[in-house]
1. Please identify, among Glu68, Glu55, Glu138, the residue showing maximal mean-square fluctuation in a Gaussian network model of the chain using a 10 angstrom Cα cutoff.
2. With all protein chains present and a 1.4 Å probe, how do Glu315, Glu26 order by accessible area, largest first?
3. Given the pairs Lys298/Lys344; Lys18/Lys56; Lys142/Lys189; Lys118/Lys232; Lys257/Lys344, which span a C-alpha to C-alpha distance of over 27 angstrom in this model?
4. For the range 255-327, what is the relative contact order in percent, using Cα pairs closer than 8 Å and at least 6 residues apart in sequence?
5. Antiparallel versus total DSSP beta bridges in the chain: what percent is that, nearest 5?
6. For the peptides 302-312, 268-278, what is the packing order when you average, over each peptide's residues, the other Cβ atoms within 10 Å and list the highest mean first?
7. Roughly what % of DSSP beta bridges within the range 265-385 run antiparallel, to the nearest 5?
8. Hey, what did the chain get for relative contact order, percent, Cα under 8 Å, at least 6 apart?
Amino acid sequence: LIQEPNKNIYLDNNATTKVDDRVIAEILPFMTELFLNPSSRYVQVNEITKKIVEEKSRISNYLGVDNENEIVFTSGATESINLSISSLSELLSNKGKHIITSPTEHKAMLDILGSLAKVGYEIEYLSVDADGLIDVLELEQKIRQDTIIVSIMFCNNETGVIQPIKQIGEIAKDKNVAFFSDATQAFGKLYLDASYFGIDILCFSAHKFHGPKGVGGIFCNSALISTKIGNKLFDKFIKMIKIAGTTNVPGIIGLGKALEISVSDMDLNLTHITELRDRFEAQILKNCSGVTVNGNSKNRIYNTINLCFKNRDVEPILNGYLGVLASNGSACNSFSEKPSHVLKSMGLSDEEANSSIRFSFSKYNTSEEVEKASDIIIKYFRNLE
Ligand code: PLP
């Protein structure tokens, strides 16, 4: 049953996306004639340094801020999360050690918070409802004098659910608590004005929007940088990044180009992908009885759906045997036997979580693929009946 790679239908675009050909073309010179290390002293590196600053400006513009110094490049969202949360928690530890988050955060966030818990930080998890949403009133009530960070992701990678970020930002500002948002799934797909949403720090990763793997970054709001803590934080980021080694020039150039393309095609992509996603969802719900949608269908990013095929064996799909590639959540969790922590915290049983599949769509998916994929899945489940 296993298909040739070019015959597979990829509905797993939250995990990673195909690199855009225009991104590859942009990267190539920086791996050939423009290969110098930008940290070297030659005047010849000026062109490369200038291009890196331009990519930072592109990101700042996209985030609606005008200071390219607010951007730090990393190897991806996991490193961004680790760097931001460990540095912030250390710098703010004089004020307190209480951090508020949600149980549906990405494993990268839960892991670093788990490590902090072992060294004396108190991590408080908000509840989420059956739709996967946090309650902003609960957040407001839980903030204390010693609360230092509120960390809530923008869009969930398993369900696509979008949290009430603007309200969270307002509460955090009002209570003088730093607001970190893991925007990995939103960056490059949604309009993301950091000030509008009141986000102090956010992270992103290029392979989620048709850029290369292994490059991402941190945005740190200048309002925060201008405070004593922010200044120190920024110094710390820069130091850590320098320790991390030689600048990933091709990666940064690729990230910038991928963002440029994503921003210019954002409305187009939104229309195309929403249509595909909705059509696929409608076909499956109409033709497979008892299938339910996990997560709030209104506050949900346009490329993602998570469906529960209760009491049915979804393993052949998750293993790729049907040639429709979709996963049960984050790539980082797909080898674990455990049911999804995201779905569990939304109230699903182990069995329900284990029979759920996340489908995620990209600009490269076509109507024909969506028709074919839904046919294959419908036939597969009908044969099981
Ligand atoms: N956060 C979210 C929401 C993600 O979806 C991912 C990727 O799966 C990560 C963090 C980790 O990103 P990276 O692979 O760039 O380390």
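1. Evaluated over the chain, the most mobile residue of the options is Glu138.
2. Working: Glu315 90, Glu26 50 Å².
So, going from the largest accessible area down, we get Glu315, Glu26.
3. Working: Lys298/Lys344 20 Å; Lys18/Lys56 23 Å; Lys142/Lys189 31 Å; Lys118/Lys232 24 Å; Lys257/Lys344 38 Å.
Distance filter (> 27 Å) returns Lys142/Lys189; Lys257/Lys344.
4. Across the range 255-327, relative contact order equals 21 percent.
5. Values: 20 of 38 bridges.
Taking every DSSP beta bridge within the chain, about 55 percent pair in antiparallel fashion.
6. Ranked by mean Cβ neighbours within 10 Å, highest first: 302-312, 268-278.
7. 100
8. Taking the mean separation of contacting Cα pairs over the length of the chain, I get 24 percent.
The values are calculated or read from the model by the stated rules, or taken from the named source; none is laboratory data. In this text the structure is predicted, and so the values were computed from the model without any measurement. Glycine gets a Cβ as well: all are built from the backbone with ideal geometry, and neighbour counts include every protein chain shown. To get the accessible areas, we keep the full protein, side chains included, count just its heavy atoms, and leave off ligands, DNA and RNA. Shrake-Rupley method; radii C 1.70, N 1.55, O 1.52, S 1.80 Å.
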